[in-house]
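Colleague: Provided herewith is a single structure, encoded as structure tokens, for subsequent inquiry.
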Amino acid sequence: MIFTVLIQLQSKTQPQTTFVIRGGESHAVSYFSSERSVKQQWLNPYLDENWQAGRVVLNGGDTWEAHLRLDLYRKEMELVMNGDSLYVSEPFAINYIELDGRKFVYRFYTEKVAGDLLLGSDYFEQLNTAGPVRLLLQRSLRVDEQRMAPGNVQLSINFETKSRFATVNRYFLQTHHEVPAIKIKRNKRQLLKLLNDERAELKRFARSNRKSFRNPAHMAEIIDHYNQLKTNGTHEK
Amino acid sequence: MRNKARHQHPFLPNYFQLIALFGNPFHVGSTSHLKPSKLLLVVLMLLPFWLLSQEKPTVTNLHLSSFEGKLEFHFTLKGNSALPVPVHLYFYDSDYRLYRPSQTIPEQGSLMSSGTHHRMLWENAATLYKKGGTLTPVIITGNPADFRFGPGPEAALLSLVIPGLGDYVIGNTSEQTIQPWMRTVGAFGLLALGLHASEERYRGEPIYWNDNRIWKSGEIHYKFFRNDAELLIGAGIAIWVADVIWVSIRGNKNRSLRKNLNTLVFEL
């Protein structure tokens, strides 16, 4: 794992601002500021702007304790560790990240758009407890720009625009740790199609425990039940 | 090894169908023999199929696996040619810029024959993280300079004649939610219904004054619903036009990809 160079400016008592340097760009990160302007709230690209205690577990088993936050726009995990502000530059070297009691993994994913197979990689929140089948939640940001007031080019009056980030949630299923996650719709048909070998048992489980195939929390429980069935090998029909 | 005899080309008529059409050329009897004109006709008919069968293998059944930041592409090369062809792995992004991964196993341009279970490993797939966004993988057989991603926007002319026809020429229809035949049936069906509704529409008897002058026109009786013919014909035309636009967009994409492949390719 390679971390970026960092410069930290400290006041007399505690750090007020940290500058994260990424290549040619530098970004000021004010994480002790209690006041936020409205403009900042509109343009907050983080899953949670505040740093959260968490830990980074590497593929080799090493664990790093840190304060973390996820930048949804740049798809980067930022962390403060021993006073240093860093970001994860080799996310495939990480097994998982625990953040605010939630588990995040970095995975390749595929989706089909208009007949084309799109391939990408991103941070996902793992909604179910353990593999081999994982229900993953991808959060991405959509930038909406709204024109507030008209401008005039001749009078050099700029258009007044308001930018707003909207979080888009999408659900993915990773059927095996060596397969990219695939985008799924939240419906019974697609989930059962992907977990076809235990279709009858999953339908029975969902019916008897009143679990919905549209509710992500319920979907996670159904997938956990599927994993349990596969681990045990046999189950009562 | 693949048993070639079991793989009948989908476009090639089989031997028995040809016999039914033209008679048996190997029949020794006096009643049936192949005249030179018939033979020429058979050759002319088979020529496009023969040319089609000599084309480079096409890539089907592409799927991926990943481990430790590496990506492995599994695919089938479908074709009748027994000669191995060079295979290249490329990607394109949403702006149709082409990317060529450098570290692959086997190397880019390695020779592969038609068949299943072909694999290509992209070792530094983790660079996808640094690039950001999404990429579409494309496996190119033969010389990349000669590779055609598909017909250009001129395929829209076919959709102008019959809705859905251009989609078949553009190809890759199996993944589409709305299949081309649905567009054909939808457009023609709605147009036919609209024309039928128009023919069945009639105006009721008018109301007259005492001197036989019309006081009020009779009410229009629609076949299905109010303004049914206009709405149905409009919907049919909308599907038709949408299909022409859709094929044109996909044709433009093919043309852009072909142009970019021969001008600017980024290394990954």
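The values are calculated or read from the model by the stated rules, or taken from the named source; none is laboratory data. Since the model is a prediction, treat every value here as computed from it, not as a measurement. Ideal geometry is used to build each Cβ from the backbone, glycine not excepted, and the neighbour counts take in all protein chains shown.
Colleague: Please go through (1) more than 8 Å from chain A (Cβ to nearest Cβ); (2) touching a residue at least 40 places away in the same chain (Cβ under 8 Å); (3) closer than 25 Å to B:LEU71 by Cβ for B:ALA125 and return the number of the only condition it doesn't satisfy.
Modeller: With (1) more than 8 Å from chain A (Cβ to nearest Cβ); (2) touching a residue at least 40 places away in the same chain (Cβ under 8 Å); (3) closer than 25 Å to B:LEU71 by Cβ applied to B:ALA125, the lone miss is (1).
Colleague: Here's something else I'd like to know. Pull up the range B:196-240, narrow it to residues that are basic (Lys, Arg) and in a strand (DSSP E or B), then point me to the one that is nearest to the chain's Cα centre (by Cα).
Modeller: Of everything passing the filter in the range B:196-240, B:ARG203 is nearest to the chain's Cα centre (by Cα).
Colleague: On the given criteria, is A:ALA149 surrounded by 15 or more Cβ atoms within 10 Å (Cβ to Cβ), over 30 Å from A:HIS218 (Cα atoms) and of a type in the set (Gly, Ala, Ser)?
Modeller: No: the conditions fail for A:ALA149.
Colleague: Filter the range A:165-186 down to the residues that are within 14 Å of chain B (Cβ to nearest Cβ) and out of contact with any Leu (no Cβ under 9 Å at 6 or more places or on another chain) and list them by number.
Modeller: Residues satisfying the conditions are A:HIS176, A:HIS177, A:GLU178.
Colleague: Still on this structure: Quick one: which residue in A:ARG214, A:ARG170, A:ARG210, A:ARG186 is surrounded by 14 or more Cβ atoms within 10 Å (Cβ to Cβ) and in a loop (DSSP other than H, G, I, E, B)?
Modeller: On inspection, the qualifying residue turns out to be A:ARG186.
Colleague: So, B:GLY218, is that one in contact with a Gly (Cβ under 6 Å, 6 or more places away or on another chain) and either at pLDDT below 90 or not hydroxyl-bearing (Ser, Thr, Tyr) (or both) or not?
Modeller: So B:GLY218 passes the test.
Colleague: Could I ask something else about it? Here is a list: A:LEU127, A:LEU141, A:LEU119. Which entry is within 14 Å of chain B (Cβ to nearest Cβ) and modelled with pLDDT of 90 or more?
Modeller: A:LEU119
Colleague: Just to be sure I understand, how many residues within the range A:76-86 are surrounded by fewer than 19 Cβ atoms within 10 Å (Cβ to Cβ) and at negative phi?
Modeller: 2
Colleague: Give me a count of the residues in the range A:60-87 that are at pLDDT below 90 and among the basic types (Lys, Arg).
Modeller: Going through the range A:60-87 one residue at a time, the tally reaches 2.
Colleague: Okay, moving on. So, B:HIS33, is that one exposed (fewer than 14 other Cβ atoms within 10 Å of the Cβ), at positive phi, more than 14 Å from chain A (Cβ to nearest Cβ) and modelled with pLDDT under 90 or not?
Modeller: no
Colleague: Shifting gears a bit: Out of all the residues in the range B:98-117, which are more than 14 Å from B:LYS56 (Cβ to Cβ), in a strand (DSSP E or B) and more than 23 Å from the chain's Cα centre (by Cα)?
Modeller: Passing the criteria: B:TYR99, B:ARG100, B:THR104, B:ILE105, B:SER110, B:HIS117.
Colleague: Test B:ILE139 against the criterion of being hydrophobic (A, V, I, L, M, F, W, C), within 14 Å of another protein chain (Cβ to nearest Cβ) and surrounded by fewer than 20 Cβ atoms within 10 Å (Cβ to Cβ), and give yes or no.
Modeller: Yes, satisfied.
Colleague: Further question on the same structure: Among (1) out of contact with any strand residue (DSSP E or B) (no Cβ under 8 Å at 6 or more places or on another chain); (2) within 14 Å of another protein chain (Cβ to nearest Cβ); (3) crowded, with 17+ Cβ neighbours inside 10 Å, there is one condition B:PRO151 misses while meeting the rest; what is its number?
Modeller: Here B:PRO151 meets the rest and fails (2).
Colleague: Also: Please count how many residues of the range B:170-191 are over 10 Å from B:TRP240 (Cα atoms), away from every other protein chain (no Cβ under 14 Å) and without any contact (Cβ under 8 Å) to a residue 24 or more places away in the chain.
Modeller: Count: 3.
Colleague: Going through B:ILE170, B:ILE220, B:ILE245, B:ILE214 one at a time, which residue ends up being surrounded by fewer than 15 Cβ atoms within 10 Å (Cβ to Cβ) and within 30 Å of B:THR58 (Cα to Cα)?
Modeller: Only one candidate passes the filter, namely B:ILE245.
Colleague: May I ask you to verify whether A:ALA93 is among the small types (Gly, Ala, Ser), over 24 Å from A:GLU221 (Cα atoms), surrounded by 15 or more Cβ atoms within 10 Å (Cβ to Cβ) and modelled with pLDDT under 90?
Modeller: Criteria met by A:ALA93.
Colleague: Does any residue in the range B:198-218 that is closer than 26 Å to B:LEU232 by Cα come within less than 9 Å, Cβ to Cβ, of a residue that is among the aromatic types (Phe, Trp, Tyr) and outside any loop (DSSP other than H, G, I, E, B) six or more places away or on a different chain, and which pairs are these?
Modeller: B:GLY218/B:TYR202
Colleague: Further question on the same structure: Being within 24 Å of B:ALA126 (Cα to Cα), free of Cβ contacts under 8 Å to residues at least 40 places away in the same chain and polar (S, T, N, Q) is the filter here, so list the residues in the range B:54-79 that pass it.
Modeller: B:SER65, the sole residue that qualifies.
This table checks each residue for (1) within 14 Å of another protein chain (Cβ to nearest Cβ); (2) in contact (Cβ under 8 Å) with a residue 12 or more places away in the chain; (3) within 30 Å of A:GLY60 (Cβ to Cβ).
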{"position": "B:SER81", "(1), (2), (3)": "no, yes, no"}
{"position": "B:PRO86", "(1), (2), (3)": "no, yes, no"}
{"position": "B:ILE105", "(1), (2), (3)": "no, yes, yes"}
{"position": "B:LEU111", "(1), (2), (3)": "no, yes, no"}
{"position": "B:GLY132", "(1), (2), (3)": "yes, no, yes"}
{"position": "B:ALA155", "(1), (2), (3)": "no, yes, no"}
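To keep it simple, each residue is scored yes or no on (1) crowded, with 18+ Cβ neighbours inside 10 Å; (2) assigned to a strand (DSSP E or B).
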{"site": "B:ASN80", "(1), (2)": "no, no"}
{"site": "B:TYR96", "(1), (2)": "yes, no"}
{"site": "B:MET120", "(1), (2)": "yes, yes"}
{"site": "B:ALA125", "(1), (2)": "yes, no"}
{"site": "B:LYS130", "(1), (2)": "no, no"}
{"site": "B:LEU160", "(1), (2)": "no, no"}
